[in-house]
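These notes are about the structure you will find just below.
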Amino acid sequence: MTEVVLITLFGSGLALMVPVLLAALGEAISEQAGVLNVGIEGTMLFGAAICALVGVNTGSVPLALLAGTVTGMASGVVLSALYVRRGTDQIVTGLLFNIFALGVTGILTAQVIIGNTSPTLSPWTVPLLGRIPKLRDVLNEQNFLFWISIILAVAIFYLLRRTWWGLYVRAAGERPHASSSAGLDVWRLRYTAVIAGNALAGLGGAALVMSTSGRFIPGFTSGRGFIALGVVVVARWNPLWVVAIAGLFGLSQALQFVAGLVSFFDPVPDQFWLALPYLVTVAAVAVSRGTRYPAAVGIPWREPAAEARS
């Protein structure tokens, strides 16, 4: 590969990883608290659609990103009420939420957005990178959400692994009965984790709109929420490893944009490059089959007094 191809590959790959990275970071928080949020795909769809809607009508990128994030939080409130308070089956509820989001955003696109385009993010130049030519060419193509997502990954790693709040959240995902006996409010911890996780997923959906064409179409996320679920498992719930695995997904997706520049890949059909990111994710999850979920993931929490009454 030539230098131009490599710069294009890594530049595009890092940009494409951002929506999946944000969603996967949110999923990592939820699962550490004991909630398997399969509805993350629907949250990304809602975040992307509302971001596009606000962007089209206001022309403001910050307002559009904020709208996507707040929409994610609202989705988190609904899902946490179902997952945590009502104790519904998390897989079935999440899948139904995804179907609901697909239908609602499809109607929204047809009736309100109607193919209009919102403003998008521009590359954000980091002055210090000017001294490193190759690195500069790759990183200066990124918008500020790329840097925000990296900072968030480090911050979430610190919160989950180095603070009392992170310890309490992980305890709620491993031993909720013991946590409750120690005086912790498991419901509150799980509510907080699910809402925060969905806020990041909503921002991930917004990033997908703002980092590409600025246009929303039905099914725009194309399964990236499910990719985020796989990324979290492969990364073993470590936010720093989430960055690396999401980057692998981004690079595999970026190959479709550079394959035409390399004559060696001419015989390979275009459909293969479209499917490659998903094949890579499935293969990575299969290799990491020995990964252990937090012990209480997917298990609804009920207070001991409520269990005794039932």
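The values are calculated or read from the model by the stated rules, or taken from the named source; none is laboratory data. Because the structure is predicted, anything quoted here is derived from the model rather than measured. Positions of Cβ are generated from backbone atoms using ideal geometry, with glycine treated the same way; all protein chains shown enter the neighbour counts. Note: accessible area is taken over every heavy atom of the protein model, side chains too, but ligands, DNA and RNA are not part of it. Shrake-Rupley method; radii C 1.70, N 1.55, O 1.52, S 1.80 Å.
Can you find a residue that is assigned to a loop (DSSP other than H, G, I, E, B), modelled with pLDDT of 80 or more, open to solvent by 50 Å² or more (accessible area, probe 1.4 Å) and touching a Gly at 6+ places or on another chain (Cβ under 6 Å) anywhere in the range 295-302? There is at least one residue in the range 295-302 that is assigned to a loop (DSSP other than H, G, I, E, B), modelled with pLDDT of 80 or more, open to solvent by 50 Å² or more (accessible area, probe 1.4 Å) and touching a Gly at 6+ places or on another chain (Cβ under 6 Å). Residues in the range 189-218 that are open to solvent by 10 Å² or more (accessible area, probe 1.4 Å) and outside any helix (DSSP H, G or I): 211, 212, 213, 215, 217, 218.
For the range 117-133, the criterion of a residue being out of contact with any strand residue (DSSP E or B) (no Cβ under 9 Å at 6 or more places or on another chain), open to solvent by 60 Å² or more (accessible area, probe 1.4 Å), within 14 Å of residue 215 (Cα to Cα) and not charged (D, E, K, R) is satisfied by at least one position.
Results for (1) open to solvent by 20 Å² or more (accessible area, probe 1.4 Å); (2) assigned to a helix (DSSP H, G or I); (3) within 30 Å of residue 173 (Cα to Cα), shown as yes or no for each residue.
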| position | (1), (2), (3) |
| --- | --- |
| 12 | yes, yes, no |
| 17 | no, yes, yes |
| 20 | no, yes, yes |
| 31 | no, yes, yes |
| 36 | yes, no, yes |
| 44 | no, yes, yes |
| 47 | no, yes, yes |
| 64 | no, yes, no |
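For the range 219-275, the set of residues classified as surrounded by fewer than 20 Cβ atoms within 10 Å (Cβ to Cβ), out of contact with any Ser or Thr (no Cβ under 9 Å at 6 or more places or on another chain) and outside any helix (DSSP H, G or I) consists of 222, 223, 238, 266, 267, 268, 269, listed by residue number. Filtering 13, 103, 68, 42 for residues that are under 25 Å from residue 296 (Cβ atoms) and not aliphatic (A, V, I, L, M) leaves a single hit, 42.
For residue 121, the criteria (1) in a helix (DSSP H, G or I); (2) in contact (Cβ under 8 Å) with a residue 12 or more places away in the chain; (3) within 21 Å of the chain's Cα centre (by Cα) hold in every case but one, which is (1). Looking for something farther than 26 Å from residue 42 by Cβ and either within 18 Å of the chain's Cα centre (by Cα) or of a type outside the set (D, E, K, R) (or both) - is there at least one such residue anywhere in the range 220-234? Checked the range 220-234: no residue is farther than 26 Å from residue 42 by Cβ and either within 18 Å of the chain's Cα centre (by Cα) or of a type outside the set (D, E, K, R) (or both).
Residues are listed down the side, and each one gets a yes or a no for (1) free of Cβ contacts under 8 Å to residues at least 12 places away in the same chain; (2) in contact with a Pro (Cβ under 9 Å, 6 or more places away or on another chain); (3) in a helix (DSSP H, G or I):
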| residue | (1), (2), (3) |
| --- | --- |
| 136 | yes, no, yes |
| 161 | yes, yes, yes |
| 170 | no, yes, yes |
| 187 | no, no, yes |
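When the range 98-115 is limited to residues that are part of a helix (DSSP H, G or I) and under 17 Å from residue 55 (Cα atoms), the one that is most open to solvent (accessible area, probe 1.4 Å) turns out to be 111.
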